[in-house]
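We did not get these values from a lab; they are worked out from the coordinates using the rules stated. Everything quoted here is computed from the prediction, not taken from an experiment. So basically every Cβ, Gly included, is an ideal-geometry build from the backbone, and we count neighbours across all protein chains shown.
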Amino acid sequence: MPAMEPAAASKELEAWIEEFEAAARRPLPLRVRYAFIKTYRPVLDDQPFRAFDRMSDYRAWCEAALPSWLGYGRV
Amino acid sequence: MAAFEYRQAEEIRDTFARLGVRYLFIGKSGAILLGFPDTTQDADLFVERSPGNGAALVAAVRELGFDLTDAQAAEIMRGKDFIQLKNGPFDLDLVFAPDGIERFSDAWARRVDVEGFPVCHPDDIIASKAATNRVKDRESLPRLRAFRDYWASRRRG
């Protein structure tokens, strides 16, 4: 991520704090309702069960099998 | 399948407590329970790897409505590092060895109780996401770190 100008970074942080404050005012059930969504993710959602011996196997599978736009690839 | 609901989080909490499963909410789902305003699809649980805990975990997820074959149950009991369940009422990721966290006992000692939900400390959630080094995590980390600082300042009062 490119470095931000200090003023822009400060404004972004202020906006985040406002979001955190607003979330803190909501009861937990409402926070959960707002936070969990369901959209179809190709490949990832196509099998009912997957198990990986090592986390490294899972990471390698994500990079090889999932569309890059899902964001599961490593930087 | 619909989105994960609060009632289902309660079912995890209550069923796992009754059956004695040692686990922590981790990842973005853990951060959300702590108050982080963001969106996610899956509930992520960091589960202690031990024979007794594995057996209790299998009983618990079956009770929650996950349709496990005996072979799948055996893989969970063995404590494979990462297991994705999409054969139940919601999507559930079971993580036995998250990146960036050395031992379950360390994370357990640092856990945060949120209305009865055992949740990884924000530092552990961040450590795990930073170690994973995925594109989607790298993008969310600055905001998550800001949340950790905000959360810690509120805790201090």
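Dimensions of chain B from C-alpha coordinates, computed as largest minus smallest value along each principal axis and given longest first, are 45, 30, 29 Å.
The range A:37-75 and the range B:29-103 have Cα centres spaced 16 Å apart. Mean partner shielding of peptide B:118-125, defined as the number of other chain Cβ atoms within 10 Å of each residue Cβ, is 0.
Per-residue Karplus couplings for the range B:135-148, computed as 6.51 cos²θ - 1.76 cosθ + 1.60 with θ equal to phi - 60°, are listed in order as 4, 5, 6, 4, 5, 8, 4, x, 6, 5, 5, 4, 5, 4 Hz, Gly and Pro entered as x.
DSSP assigns beta bridges within chain B; of those with both partners inside it, close to 65 percent run antiparallel.
Treat the count of other C-beta atoms within 10 Å as a stand-in for reagent exposure and order A:R33, B:R103, B:R156 from fewest to most.
Final ranking by Cβ density, sparse to dense: B:R156, B:R103, A:R33.
Averaged over peptide B:140-152, the number of partner chain Cβ atoms lying within 10 Å of each residue's Cβ comes to 3. Seen through its C-alpha gyration tensor, with square-root eigenvalues sorted a ≥ b ≥ c, chain A comes out oblate because a/c lies at 1.5 or above while a/b is not bigger than b/c. Amide H contacts of B:F82 (H built 1.01 Å from N, in plane; Pro and chain starts excluded): A:F52, B:F96 sit under 5 Å, all sequence-distant by 5 or more or on other chains.
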